[in-house]
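See below for the structure under consideration.
The values are calculated or read from the model by the stated rules, or taken from the named source; none is laboratory data. Here the structure is a predicted model, which means the values were calculated and not measured. Note that each Cβ is placed from the backbone with ideal geometry, even for glycine, and that neighbours are counted across all protein chains shown.
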Amino acid sequence: MTRRGMTLIEMMIALSATLLLMAAVAQVFAVFGGAISGSRAVLDLDGRMRTAAWRLRTDLAGITARTVPGGEVAATEGYLEIIEGPATDVTDAAGLSTVAGVVSGDHDDVLLFTTRNSEAPFIGRAPTVSASAAALVDTFESTVAEVAWFARPTPGSSDPVTYTVYRRQLLVMGYIGADPFLEGENTVGWSSWAGYFNSPCDVSVRREGSLLFPNTLADLSRRESRFMHNVAGLTTSGFPFPFVAHQAASTSGTAEVLPAAIEGLVFDATSQRRGEDVVLSHVLGFDVRVFDPAVPVGLAAGGTPVAPGDPGFPGPAAVASGAYVDLGHGVTLNDLLPLVPAHFAGFGDPRSRLQAAGSSARRTYDTWSSHYEANGRDEDGDSLVDESLNGLDDDGNDLIDDAVEKETAPPYGFPLRGIEVRIRCYEPTSRQVRQITVRHTFVPH
């Protein structure tokens, strides 16, 4: 007898097979969809990293200061300052994240400098009536700016902990000619750095007592005039006026208290500037390195060149000399150059009073200023003032006004040939890590 249809069992088997096939197809589409989403996220991250690198290269190309420490204020060159935090790419003891095998690395460096761009002036804002909440805001332009690059922890980030890179731009104008910078009128609402930097104002200023004054390049050659270096407005003491990004403290003798959660940088949830200075998010590392021509370069497993601060160093004997390294890298011996000292191995000249040792050390490169030798102040605390220019043999070595008598000195007295900035980011969708490296040479070519 001829069967005209399918039995119930055969229909159930066919239906089950169809469902299994559809589930497999859906799974394939899900895999492809996830891969496409991950690829798009990685492409987006690559694009944002390229934009950040372009912005950094443009800033570095216009640096106004010669990288030969000890310049004259009269030269009106501005400054370059590099602050090396305690974290490195090879330390896990400084609170680095190792969740899911991802290590954040060196993330606590700070890069500050003055830069010039004659082709596309820097644009910023400033109140034009008063510093009150009802102030009008106008737009200003300048070919010179004071720029700060740094990373701060991203609140709530985990698996792994990430950071946000900021770029703070302040116009160097010297004279504004409008409220609230007219004489006697710049105290209104701006008696603290927190009030100023949280406001919509992008002018580089220095604080003298309770007053804020616009900076020139000559002013910025002095550490006490720079961004977040003199929060108390000290005019007769305070040397060496350290950068306060890594300090959560009130300033003694004043009513100003910088919020502990932001440790000296005013980019919190209540700031009018929230989000305006963000360059990159999901950052694992922001590492600023300097070129030291005397450090040894070895070969790690597989023939990979490694320098001080890289995983795998020291490895075998040195095969070359000269590399980009962290300030205070600590490697002084180079068999290839036994008579040439490493330029940036230690914590710097103690006369700078910026040197420090220990796990929390923050080493500093600064183009410095020679005005400390003739400013009428006792920077070294020996009860003598400007002894290197007083015409006397103050140290009893039969030499008058020799270099030993100087009250201060740059933390590192060597010229800086070049810097390298490594920015490492994490893409959470694909869980991939991307790194971009920006190098800039100060050697004429």
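Values as computed for the structure displayed
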read-out	value
Failed condition for ARG66, given (1) modelled with pLDDT of 80 or more; (2) under 22 Å from the mean Cα position of the chain (by Cα); (3) over 27 Å from ILE419 (Cα atoms)	(3)
Residue match in the stretch 263-277 (condition: within 30 Å of ARG431 (Cβ to Cβ) and modelled with pLDDT of 75 or more)	yes
Any hit, the stretch 285-297, residues being closer than 30 Å to GLY238 by Cβ, surrounded by 18 or more Cβ atoms within 10 Å (Cβ to Cβ) and in contact with a Lys or Arg (Cβ under 6 Å, 6 or more places away or on another chain)	yes
Residue, modelled with the highest pLDDT, within the stretch 197-218, restricted to residues that are buried (at least 19 other Cβ atoms within 10 Å of the Cβ) and in a helix (DSSP H, G or I)	LEU217
The stretch 329-382, subset in a loop (DSSP other than H, G, I, E, B) and of a type in the set (Lys, Arg), residue farthest from VAL306 (Cα to Cα)	ARG377
Residue tally, condition at pLDDT 85 or above, in a loop (DSSP other than H, G, I, E, B) and crowded, with 21+ Cβ neighbours inside 10 Å, over the stretch 133-180	3
Of the criteria (1) within 25 Å of VAL283 (Cα to Cα); (2) at pLDDT below 95, which one THR114 fails	(2)
Residues that are closer than 21 Å to ASP287 by Cβ and out of contact with any Ser or Thr (no Cβ under 7 Å at 6 or more places or on another chain), drawn from the stretch 429-444	GLN432, VAL433, ARG434, GLN435, ILE436, THR437, VAL438, ARG439, HIS440, THR441
Odd one out for SER369, checked against (1) exposed (fewer than 13 other Cβ atoms within 10 Å of the Cβ); (2) in contact (Cβ under 8 Å) with a residue 24 or more places away in the chain; (3) not acidic (Asp, Glu)	(1)
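Residue by residue, here is whether (1) over 26 Å from SER225 (Cα atoms); (2) surrounded by 15 or more Cβ atoms within 10 Å (Cβ to Cβ); (3) modelled with pLDDT of 90 or more holds:
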{"site": "ALA345", "(1), (2), (3)": "yes, yes, yes"}
{"site": "SER352", "(1), (2), (3)": "no, yes, yes"}
{"site": "GLY358", "(1), (2), (3)": "yes, no, no"}
{"site": "TYR365", "(1), (2), (3)": "no, yes, yes"}
{"site": "PRO411", "(1), (2), (3)": "no, yes, yes"}
{"site": "PRO415", "(1), (2), (3)": "no, no, yes"}
{"site": "ARG422", "(1), (2), (3)": "yes, yes, yes"}
{"site": "CYS425", "(1), (2), (3)": "yes, yes, yes"}
{"site": "ILE436", "(1), (2), (3)": "yes, yes, yes"}
